[in-house]
Amino acid sequence: MSGRKSAFLAVIPGLFAFLASCSGELPGGPQGAFEDATAECGPEFVHDNGSGGEFYLPEIMGSGVALFDFDGDGDLDAYLVQGGSIGRPATEPARDRLFRNDPVDSGGRARPRFVDVTEQSGIVAAGYGMGVATGDYDGDGHVDLYLTNFGSNQMWRNLGDGTFRDVTRASGTDDPRWSVSAAFVDYDEDGHLDLYVGNYVDMTLDTNQPCFNVVRDYCSPTAYRPVPDRLLRNRGDGTFEDATASSGLGATYGNGLGVVTGDFNGDSRIDIYVANDGMPNQCWINRGGRFEDTALLAGCAVNERGESEAGMGIAAADFDGDGDEDLFVTHLRNETNTLYVNDGSGLFTDRTVQTGLSLGSHPHTGFGTAFLDYDGDGQLDLLAVNGAVTAVAALVNRDDPYPYHETNQLFRNAGGGRFEDVTSEAGEAFARSEISRGVAIGDVDNDGDPDLLIQNANGRARLLLNTQDGAHHWIGLRVVDGHPAREVPGTRVAVHVADEAPRWRRVRTDGSYASASDPRLLFGLGDSGSPVTVRVEWPDGGTEEWVEVEIDRWITLRRGSGRAPS
């Protein structure tokens with residue numbers, strides 16, 4: 001342990017007892033795909049939505065979470081977004097929290113341990129928080145934070161010494177409207193990360209309306225006017241300009257909640273997909289710095305019945321292994337979540353029923369979501385974290401004090417375009433009923449399988465560690481460019497295993513709901529124990545290849561160290 005970390009730990013009362021409980025195996029041993037390690041390893045965080053009986057809509061929407069390496073030490077740290085009180089004074093202002101991961105050695109294995117370093121970091125985020133986006137907007141090799149709020153947003157620049165500086169005003173990145181999800185994206189291909197800000201509805205304390213669902217309850221977003229999203233172009237000097245109009249986005253309205261980026265039509269430009277709550281979704285195809293919404297004609301604006309749904313969370317990935325990016329959107333109870341399958345040209349078909357994903361989602365309201373290979377077999381599975389936005393009748397009848405909680409779901413990719421619900425096999429953590437909202441995915445303990453950090457509205461955050469260690473072979477890739485080295489969102493990577501189709505992934509932190517995930521890429525290899533070939537396609541068109549890459553480890557691939565593809 002470094003002297004810096006030792007000195008820091010010595011001043012935290014009671015931490016050594018905490019370390020002792022975290023340094024050993026988790027209680028009870030593996031009992032499913034995931035196990036709740038929060039009590040043993042942190043982060044210690046309880047979300048407060050500030051509900052006081054007025055049923056302000058932000059209270060039920062919850063907040064997001066980020067997994068990112070803010071200090072550059074090779075393991076994932078955590079940022080958790082806090083709510084707060086609305087319309088009434090708080091006894092103590094609620095604040096977001098930053099947790100540094102200081103792993104503990106346990107029998108030769110590193111166990112995660114999250115330590116609250118918010119005060120030392122200089123971050124003061126006391127607004128009513130909604131979401132977080134991560135990205136190195138200034139190209140200095142340190143990951144920065146953009147925070148969305150019910151109210152003004154904030155940009156925090158990472159100074160690289162464990163501290164952050166509020167550069168919101170200097171960078172021109174504030175938005176006083178109600179923002180939820182945001183994404184860093186280099187849409188104009190100039191090497192600088194731009195910023196897409198998804199805005200929700202025009203709701204204020206003065207316009208709050210009484211709504212009823214048998215009893216007084218939270219309103220639908222249709223009770224309020226939608227507000228347009230915003231695209232901020234990075235000038236490359238630390239400042240941003242509003243490019244919403246010049247990029248063709250204009251004043252399009254949509255109740256935006258989920259945002260994800262990707263090349264959906266295969267033209268090597270990064271596009272933007274927005275999941276809207278109760279309105280048609282938008283698929284903004286990049287025509288070379290200007291965007292065109294093709295969602296309606298492309299088949300991904302509404303479901304197969306032509307109905308707009310309550311889009312909350314969004315995930316994009318090549319789940320069927322055909323080389324293009326498909327879309328999965330979570331929705332309101334009784335609507336089903338929706339899987340849009342891409343034909344490679346940017347045309348989508350709703351395959352929710354055919355893939356087996358329809359029936360299981362009917363009783364749930366989905367928020368955060370992700371494609372992930374939880375079992376390491378090489379096929380991307382699906383996660384949906386759930387929680388109602390209107391009172392659940394069965395819970396009301398049981399006099400539940402906060403009748404909105406639901407269980408989360410895990411769907412295994414069974415191959416052949418089918419998923420199976422394996423929630424019952426996922427462990428006791430998936431039997432817990434909570435009001436889950438944001439979820440971030442990343443290999444928290446660097447052991448080769450994806451772990452989960454879940455943010456619960458008005459409840460405790462949960463760290464779920466994957467228990468599939470050693471079940472299959474794997475390779476983890478950090479793909480970096482530049483000096484200093486940094487991940488480049490939009491980079492496309494393929495791992496080639498002998499006699500199998502390439503497995504494609506894209507470097508991204510966006511998607512889910514109001515959250516940011518690990519930009520590193522984790523590939524399950526199933527039973528294949530041979531070295532692999534890796535192909536990297538950079539956003540500017542450059543391509544490199546690495547051959548005979550050793551597996552079952554994390555590796556950094558630096559631009560310029562590969563060879564021209566054969």
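The share of accessible area on region 322-420 that comes from carbon and sulfur is 52 percent, using a 1.4 angstrom probe.
Could you state the accessible area per residue of region 187-298 in Å², with a 1.4 Å probe and every protein chain left in place? It amounts to 39 Å² per residue over region 187-298.
Our coupling estimate for region 441-449, obtained by passing each phi through the Karplus curve with A = 6.51, B = -1.76, C = 1.60 and θ = phi - 60°, is 10, x, 7, 5, 9, 6, 10, x, 9 Hz, Gly and Pro reported as x. Here the Karplus curve 6.51 cos²θ - 1.76 cosθ + 1.60, taken at θ = phi - 60°, turns the phi angles of region 212-227 into couplings of 9, 9, 6, 10, 4, 8, 6, 6, 6, x, 5, 6, 10, 6, x, 10 Hz, with x standing for Gly and Pro.
Farthest toward the positive end of the dipole of the chain, out of Phe240, Ala94, Ala485, is the Cα of Ala94, where the dipole comes from beta carbon charges about the Cα centre. Proximity of backbone amide H atoms, modeled 1.01 Å from N, is registered between Asp202 and Arg225, Val227 at under 5 Å, excluding neighbours fewer than 5 places apart on the same chain. Putting +1 on Lys and Arg Cβ atoms and -1 on Asp and Glu Cβ atoms, find which of Leu357, Gly254, Val341 reaches farthest to the positive end of the dipole of the chain. My answer, from the dipole projection, is Gly254.
Computed with every protein chain present, the accessible area of Leu98 is close to 0 Å² [probe 1.4 Å]. Taking a point 7 Å from the Cα of Leu359 along the Cα-to-Cβ direction, the residues of region 404-435 with backbone N closer than 18 Å to it are 409-415, 417-425.
The gain in end-to-end length when the Asn397 to His496 segment is fully stretched comes to 30.2 nm, 0.36 nm per residue minus the alpha carbon separation. Summarised in one figure, the compactness ratio Rg/Rh of the chain, Cα atoms and Kirkwood Rh, is 0.93. Here the chain is treated with +1 on each Lys and Arg Cβ and -1 on each Asp and Glu Cβ, and its dipole about the Cα centre works out to around 1060 debye. Remark on region 431-566: Rg and Dmax equal 16.4, 54 Å (Cα only).
Overall, the accessible surface of region 421-566 at a probe of 1.4 angstrom is composed of carbon and sulfur to the extent of 44 percent.
For the pair Leu296 and Asp166 in one chain, pulling the backbone fully straight at 0.36 nm per residue adds 42.9 nm over the alpha carbon distance. The helix-based estimate of mean residue ellipticity at 222 nm for the chain, built from -39,500 (n - 2.57) per DSSP H run of four or more residues and divided by its residue count, is -1500 deg cm²/dmol to the nearest 500.
Phi angles across region 460-469 convert, under the Karplus curve 6.51 cos²θ - 1.76 cosθ + 1.60 with θ = phi - 60°, into 3J(HN,Hα) values of 7, 5, 10, 9, 10, 8, 6, 9, 8, 3 Hz, Gly and Pro given as x. Counted by Cβ distance under 14 Å from Val46, the other residues give a net charge of -1, where Lys and Arg count +1 and Asp and Glu count -1.
When Arg269, Arg437 are compared by accessible area of protein heavy atoms, the largest-first order is Arg269, Arg437, using a 1.4 Å probe.
The values are calculated or read from the model by the stated rules, or taken from the named source; none is laboratory data. Worth saying up front: this structure is predicted, and the values here are computed from it rather than measured. Methodologically, a virtual Cβ is constructed for each residue, glycine included, from the backbone with ideal geometry; neighbour enumeration extends over all protein chains shown. Only protein heavy atoms, including side chains, enter the accessible area calculation; ligands, DNA and RNA are left aside. Shrake-Rupley method; radii C 1.70, N 1.55, O 1.52, S 1.80 Å.
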